[in-house]
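See below for the structure under consideration.
The values are calculated or read from the model by the stated rules, or taken from the named source; none is laboratory data. In this text, all values refer to a predicted model and were calculated from it rather than measured experimentally. Note: ideal-geometry Cβ built from the backbone for every residue, glycine included; neighbour counts use all protein chains shown. With ligands, DNA and RNA removed, areas are computed over all heavy atoms of the protein, side chains included. Shrake-Rupley method; radii C 1.70, N 1.55, O 1.52, S 1.80 Å.
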Amino acid sequence: MKTILITGAAGDVGTHLRRELARKYRIRASDLRPLKKIAQETYVRADVSRMADALRITKGVDAVVHLGGYSVEGPWEGILSANIIGCYNVFEAARRNGVKRIIFPTSNHAVGFYPRAQTIDHRVYIKPDSRYGVSKVFGEALGSLYADKYGMQFLMIRIGNVNPAPIDKRRLSIWISPRDIAQLVTIGVEHPDIRFEIVYGISANERAWYDNSNAFRLGYEPQDNSETCAAEVLAKEKPGGDPIAEKYQGGVFCAAEEVPNPAPLPKKRAKGRKRR
Ligand code: 15L
């Protein structure tokens, strides 16, 4: 059985993945926050903005699913430390430890400034809608460098929104169910021919803004479709809203300076403890 490291394992997506993948892989779950165990798994507390922690948690694993970091738009300081330095540390630590496979859940916000009227595929130019989106583009670029320069293998999943059910009109287009995201991560761990691939992390939604042919080429067969919930979701939708948010795929990220952060910022370092 392969061992996979999931960083940011205590968050929503991490928790869904741990539940879905528990029988398939030996899971090493890491997070800054305490974690409620839901299956046979090993918990390791780590702050990936510290290289020493990143080196410790990536040792001896077959693949890394790097979810850790700030998951919404927020202040630059937090994005820089958690998403940019954290991402660099995890990819670089994996390289130093000889781990070849990385699955990087990037985000729809790497391309959020494409209008909803346009269907985009994995080859479009980046159009981040936030500092958070820029940090995801950084991860995509770093993965591309590490694939070309060091022969590592990356599946970049531009996730829409992982939830048991779609929660609003925008999410009808970008929703992905827990079992479908687990299927994509499994492709990332197992597919023999991955070098550097970008796919969209969405279910088989009729209202999708993405041409996900690259995921289908790699064998993705989504089981769910947001349309089954559309009537219920649309009945609850309030009319109006910010015209910028309504126009673009990234929604409120295109207009807001901050979106409430479900994950706390890393705690202040104790005096005298140096970053390595
Ligand atoms: C994301 O990238 C976030 O991580 C998630 O919290 C949602 O906000 C999602 O995008 C979304 O666009 O709904």
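At a probe radius of 1.4 angstrom, the accessible area of the stretch 82-223 per residue rounds to 37 square angstrom.
The angle between the Cα long axis of helix 178-190 and the longest principal axis of the Cα atoms of the chain comes to about 50 degrees, rounded to the nearest 10. Just need the relative contact order of the chain here, percent rounded to a whole number, with Cα pairs under 8 Å and 6+ apart. In percent, rounded to a whole number, it is 19.
Normalised by the number of residues in the stretch 139-185, what is the relative contact order in percent for Cα pairs under 8 Å and 6+ residues apart? 28 percent.
Modelled this way, with points 7 Å down the Cα-to-C-beta line, the labels at T42 and M1 are 1.3 nm from one another.
Taking Cα atoms only, the orientation of helix 86-96 departs from the longest principal axis of the chain by about 50 degrees.
Reducing the stretch 65-112 and the stretch 150-175 to their Cα centroids gives an inter-centroid distance of 15 Å. Packing, as the average of other Cβ atoms within 10 Å across residues, places the peptides 6-15, 45-54 in the order 6-15, 45-54, highest first. Taking a straight line from the alpha carbon of K236, these aspartates and glutamates sit under 17 Å away, with near neighbours fewer than eight places off in the same chain left out: D168, E227, E246. Taking all protein chains together, I198, I38, I4 sort by accessible area into I38, I198, I4, largest first [probe 1.4 Å]. Counting 0.36 nm for each residue step from E221 to V259 and taking away their Cα separation leaves a gain of 10.5 nm. Summary value for the stretch 7-121: 24 percent relative contact order, contacts being C-alpha pairs under 8 angstrom separated by 6+ residues.
Across the accessible surface of the chain, with the other protein chains kept in place and a 1.4 Å probe, carbon and sulfur atoms take up 52 percent. Computed from backbone phi, the HN-Hα couplings of the stretch 150-157 come to 10, x, 7, 10, 10, 10, 9, 9 Hz, rounded to whole numbers (Karplus: 6.51 cos²θ - 1.76 cosθ + 1.60, θ = phi - 60°; Gly and Pro given as x). The charge dipole of the chain, taken about its Cα centre with unit charges on the Cβ of Lys, Arg, Asp and Glu (plus for the first two, minus for the last two), comes to roughly 1640 debye. Of the cross-linked pairs K127/K247; K59/K136; K36/K169; K24/K149; K169/K247; K2/K59, those separated by over 21 Å at the C-alpha level are K59/K136; K36/K169; K24/K149.
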